[in-house]
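Okay, structure first, notes after.
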Amino acid sequence: MKEESNNAWLKYDRKTLAAVMDFAEEYRKFISACKTERECVDAVIAKAKALGYKDIASVKKVKAGDKLYAAHMGKTLALFVVGSEPLETGMKILGAHIDSPRMDLKQVPVYEDNEIVLLDTHYYGGIKKYQWVTIPLAIHGVICKKDGTVVKVSVGDEPGDPVFGVSDLLIHLGADQLQKKGNVVIEGEDLNVTFASMPLKGEKKDAVLANVKKLLVKKYKIDLDDFLSAELEVVPAGEARDMGIDSSLLMGYGHDDRCCAYPSAEAIFRITEENTNAPVWKGRTLVCLLVDKEEIGSVGATGMHSKFFENTVAELLDRMGEYSELKVRRAMQNSVMLSSDVSAAFDPNYPSVNEKKNTAFFGKGLVFNKYTGSRGKSGSNDANPEFFAKIRKVFDDANVSFQTAELGKVDQGGGGTIAYIMGNYGMNVIDCGVAVQNMHAPWEVISKADLYEALQGYLAFYREM
């Protein structure tokens with residue numbers, strides 16, 4: 001099933017190839033600019049507003065044809081195109097997550113040690129800690145002051161910005177370090193970011209820290225206590241880049257899972273633009289759901305386990321004048337969903353972890369994982385075959401390239417997504433996303449063809465499912 005003839009690149013004519021490259025460039029700019037959940041939500045809302053979407057909080061009555069969005073805490077977002085069918089008949093949902101592995105600053109992060117000011121971090125999500133040393137890093141996020149002021153921070157990605165970094169031992173002194181196992185070569189408490197080294201004249205104690213305090217007041221009007229109520233993420237600095245002599249791949253930070261989130265949002269926007277001359281979307285309500293905290297179990301107020309989406313569906317029904325608890329339950333159970341999340345791409349450097357018949361390959365299109373989980377399918381959403389059969393027909397009819405995969409050999413490892421959480425409502429859900437190499441590394445890799453096929457697949461799902 002992995003013959004060369006199945007490679008999506010081979011089916012593109014000149015016009016389509018240009019569309020593939022154009023879409024990849026749009027996406028490249030998006031992930032280069034949006035390295036945090038807040039930045040992703042802000043960017044998507046800005047485009048939604050430009051296309052006529054309205055904040056559901058500002059709308060008293062909802063009717064078929066309305067284009068709405070609902071955001072929660074700046075880090076989770078739902079987009080709706082309200083259809084002609086009753087909401088209780090279910091929705092067509094594309095769901096992706098917009099958080100990515102990184103390092104977060106601790107509540108009390110700033111300290112001086114031998115005339116170097118460092119930032120203490122706590123890594124977020126599953127990472128190989130040794131990958132995060134000696135690379136240029138940026139800091140993005142917000143600092144919230146007691147007076148209610150929110151200071152946006154983005155340092156390290158603009159031309160002329162300084163960057164930051166975590167140091168490592170030189171090879172000449174690394175004999176003991178290199179005897180350690182990979183998971184402890186770099187310890188979590190050693191991921192301290194170098195922040196400054198210039199002392200303030202006239203200061204006898206912690207002179208570098210004194211200079212940092214002065215700079216923070218001057219540039220951001222904050223003091224060190226304001227870090228207590230900050231959300232600052234340390235991420236790789238620099239733009240995503242074309243990869244390969246043929247520019248067929250993209251290397252960038254945060255492909256997991258923004259390479260699925262972006263085409264999901266673009267799919268609902270393109271449906272909106274297609275439907276400009278029609279007053280009402282014919283069919284079931286369309287939803288694009290972008291959530292936070294997947295990398296740490298989808299927990300908390302902005303994760304998929306929260307009641308945000310269910311509550312928003314209840315609000316929609318209320319504004320339609322149709323609210324009842326039973327209709328909320330029906331709307332959720334009768335929905336169909338593609339859990340738009342990434343899969344592991346085959347790596348010729350490490351073939352032993354895969355079983356090739358059930359592995360994703362670059363250029364073969366977007367990837368269906370009927371189930372994820374680990375080992376004995378633990379923690380998995382195991383999609384119904386009847387549902388998958390319908391999707392296969394939709395994709396085949398739309399000439400969308402797709403493949404199927406598992407996340408490595410049965411006993412090798414595994415992973416999970418948000419699919420099972422939505423499956424708990426009784427709805428049909430299957431994982432469907434883009435194959436990624438270097439997953440959870442600072443710089444991940446995807447195929448531009450697979451990104452484009454994801455967009456086409458998500459559009460087909462909205463139109464025909």
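What follows draws every value from the coordinates through simple rules; no lab data is involved. All figures in this text were calculated on a predicted structure; none of them were measured in a lab. When we count neighbours, we look across all protein chains shown, and the Cβ atoms used for this are built from the backbone with ideal geometry, even at glycine.
Once you have a ≥ b ≥ c as the square roots of the Cα gyration tensor eigenvalues for the range 1-125, tell me rounded if a/c is under 1.5, and otherwise prolate or oblate according to whether a/b is larger than b/c.
Values: a/c = 2.43, a/b = 1.25, b/c = 1.95.
Note, shape of the range 1-125 comes out oblate.
Mind checking which lysines have their C-alpha under 24 Å from LYS11, skipping anything on the same chain fewer than 8 residues away?
Of all the lysines, those that pass the test against LYS11 - Cα under 24 Å, at least 8 places apart if same chain - are LYS2, LYS356, LYS357, LYS364, LYS390, LYS393, LYS448.
Quick one: which residues, 5 or more positions from ASP55 or on another chain, have an amide H under 5 Å from its amide H? H modelled 1.01 Å from N in the peptide plane, none for Pro or chain starts.
TYR69
What span do the alpha-carbon atoms of the range 149-216 cover on each of the three principal axes, reported in whole Å from largest to smallest?
45, 32, 24 Å, listed from the longest principal axis down.
When the chain is fully extended, how far beyond the present Cα-Cα distance does ALA33 get from MET21, taking 0.36 nm per residue of separation?
Details: separation 12, 0.36 × 12 = 4.32 nm, distance 1.85 nm.
Length gained between ALA33 and MET21: 2.5 nm.
Put +1 on the Cβ of every Lys and Arg and -1 on every Asp and Glu Cβ in the chain; which of GLY379, TYR452, GLY125 then has its Cα farthest towards the positive end of the dipole?
TYR452
Can you pick out the pairs among LYS35/LYS218; LYS67/LYS152; LYS54/LYS152; LYS61/LYS282 whose Cα atoms lie more than 27 Å from each other?
Where the Cα-Cα span goes over 27 Å, the pairs concerned are LYS67/LYS152.
So if I place +1 on the C-beta of Lys and Arg and -1 on the C-beta of Asp and Glu, and nothing else carries charge, what would the dipole magnitude of the range 70-217 be about its Cα centre? I want it in debye, nearest 20.
On the way: 16 positive and 19 negative charges, 43 e Å.
That gives a dipole near 200 debye.
Using packing as a proxy for protection, rank 9-16, 139-146 so that the peptide with the highest average count of other Cβ atoms within 10 Å comes first.
On the way: 9-16: 11.9, 139-146: 18.0.
Most protected by this proxy first, the peptides run 139-146, 9-16.
Treating only the Cβ atoms of Lys and Arg (+1) and Asp and Glu (-1) as charged, compute the dipole magnitude of the chain about its Cα centre; round to the nearest 20 debye.
Result for the chain is approximately 1000 debye, rounded to the nearest 20.
Using alpha carbon centroids, what distance separates the range 18-85 and the range 157-181, in Å?
38 Å
Enumerate the amide H contacts of LYS364 below 5 Å, restricted to partners 5 or more residues apart or on another chain; note that Pro and chain-start residues carry no placed amide H.
Under 5 Å from the amide H of LYS364: ALA8.
Semi-axes of the equivalent ellipsoid for the chain, please: Cα gyration tensor eigenvalues, times 5, square-rooted, ordered largest first, whole Å. Could you put the intermediate results ahead of the total?
On the way: eigenvalues 302, 160, 80 Å².
Calculated on Cα positions only, the semi-axes equal 39, 28, 20 Å.
How do SER306, SER58, SER167, SER248 line up, fewest other C-beta atoms within 10 Å first? Could the numbers behind the result be given before it?
Values: SER306 20, SER58 7, SER167 13, SER248 17.
In order of increasing Cβ crowding within 10 Å: SER58, SER167, SER248, SER306.
Would you mind checking which residues have amide H under 5 Å from GLU444's amide H? H placed 1.01 Å from N; only 5 or more apart, or other chain.
It is GLY252, TYR253, GLY254, HIS255, by chain and number.
In deg cm²/dmol, rounded to 500, what helix-only [θ] at 222 nm does the chain give when every DSSP H run of at least 4 residues adds -39500 (n - 2.57) and the total is split over its residues?
Working: 9 runs with 124 residues, N = 465.
Value at 222 nm, helices only: -8500 deg cm²/dmol.
Would you list which aspartates and glutamates come within 18 Å of LYS180, measuring only between C-alpha atoms, while excluding same-chain residues fewer than 8 positions from it?
Reachable aspartates and glutamates: ASP168, GLU189, ASP190.
Of SER343, SER352, SER154, SER298, how do they rank once you tally other Cβ atoms within 10 Å and put the fewest first?
Values: SER343 29, SER352 7, SER154 16, SER298 21.
Lowest count first: SER352, SER154, SER298, SER343.
Taking the Cα centre of each part, how many Å lie between the range 394-465 and the range 191-257?
33 Å
Quick one: order HIS97, HIS440 by neighbouring beta-carbon count within 10 Å, fewest to most. Could you put the intermediate results ahead of the total?
Working: HIS97 29, HIS440 16.
Lowest count first: HIS440, HIS97.
What dipole magnitude, in Debye to the nearest 20, does the range 348-395 give about its Cα centre under +1 on Lys/Arg Cβ and -1 on Asp/Glu Cβ?
Details: 9 positive and 3 negative charges, 27 e Å.
Approximately 140 debye in magnitude.
Cα gyration tensor of the range 378-465, axes a ≥ b ≥ c as square roots of the eigenvalues: rounded (a/c below 1.5), prolate (a/b > b/c) or oblate? Mind showing how you got there, number by number?
Details: a/c = 1.94, a/b = 1.12, b/c = 1.73.
Judged from the Cα gyration tensor, the range 378-465 comes out oblate (a/c at least 1.5, b/c at or above a/b).
Can you tell me the order of 198-204, 377-383, 265-271 when each peptide is scored by its average per-residue count of other Cβ atoms within 10 angstrom, highest first? Don't skip to the end; give the middle numbers.
Details: 198-204: 11.3, 377-383: 17.6, 265-271: 21.6.
Highest-to-lowest ranking by the protection proxy: 265-271, 377-383, 198-204.
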